[in-house]
Amino acid sequence: MPFYMKIKLSLLAFLILATVLSHAQVTPKTGRSEVRVNNESIPLLVVNGKPFIGRSLFNFHLDTSNISRLEIINPENNAVKLYGDAAVKGVILLETKRPIEWISTIDIYNTLVRDSSISYKQVLFKLNDSFFVPSPSLFIDKSTIKVTNFLKESTFFADKWFSSIISIELVK
């Protein structure tokens with residue numbers, strides 16, 4: 001990955017983190033502090049015209065070397081007028097060099113799971129080494145998927161039992 005792209009991505013990560021944390025609430029919970037972020041505190045992310053609203057800001061995976069342009073629109077600079085109420089905390093615009101074909105985890109589930117007794121909500125998703133509970137708002141840049149596998153293994157994760165795992169290996 002070119003050096004300038006690493007700088008761009010570092011800047012994007014910093015801007016997203018700074019924006020989210022600046023609006024987060026820290027609340028005590030069993031002697032610890034916990035950061036809770038509500039949907040209203042997250043800026044609207046728009047990738048090639050596709051909006052990622054609220055928590056789905058963290059639920060997308062794309063080839064970062066494909067990013068050609070990054071623009072931040074502050075709420076004070078007509079973000080709401082241009083993008084509606086979802087932009088009340090600002091807008092992060094990303095444009096890519098090549099078009100992106102998005103695929104949702106529900107589409108991956110429908111492709112891999114042939115057993116109708118296994119519901120979408122019973123499947124845990126594993127992207128490389130990270131686990132995600134089922135969410136129809138989890139999108140992946142199709143070109144970043146190397147391998148998908150359906151594993152009929154019971155797993156306990158996030159205080160819930162899952163009957164199966166869909167493992168998605170992304171290109172590094």
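What is the local net charge at residue 107, summed over the other residues whose Cβ is closer than 12 Å to its Cβ (Lys, Arg +1; Asp, Glu -1)? Before the final figure, lay out the partial values.
Working: positive: 142; negative: 101.
Summing Lys/Arg as +1 and Asp/Glu as -1 gives 0.
Arranged from highest to lowest average of other beta-carbon atoms within 10 Å per residue, in what order do the peptides 93-104, 110-121, 159-170 appear? Numbers along the way, then the final one.
Working: 93-104: 14.7, 110-121: 11.9, 159-170: 16.2.
Highest-to-lowest ranking by the protection proxy: 159-170, 93-104, 110-121.
Roughly how many debye, to the nearest 20, is the charge dipole of the range 66-127 about its Cα centre, given +1 on each Lys and Arg Cβ, -1 on each Asp and Glu Cβ, and no other charges? Could you put the intermediate results ahead of the total?
Values: 8 positive and 7 negative charges, 32 e Å.
For this selection, approximately 160 debye.
Under the rule a/c < 1.5 gives rounded, and otherwise a/b versus b/c splits prolate from oblate, where does the range 102-170 land using the Cα gyration tensor? Kindly include the intermediate steps, with their values, before the conclusion.
Working: a/c = 1.62, a/b = 1.36, b/c = 1.19.
The shape class here is prolate.
Between 104, 156, 117, whose Cα lies farthest towards the positive end of the dipole of the range 102-170 when Lys and Arg beta carbons carry +1 and Asp and Glu beta carbons carry -1, centred on the Cα centre?
It is 117.
Readers should treat all values here as calculations from the given coordinates under stated rules, not as data from a laboratory. No experiment lies behind these values; they were computed from the predicted model shown. Ideal geometry is used to build each Cβ from the backbone, glycine not excepted, and the neighbour counts take in all protein chains shown.
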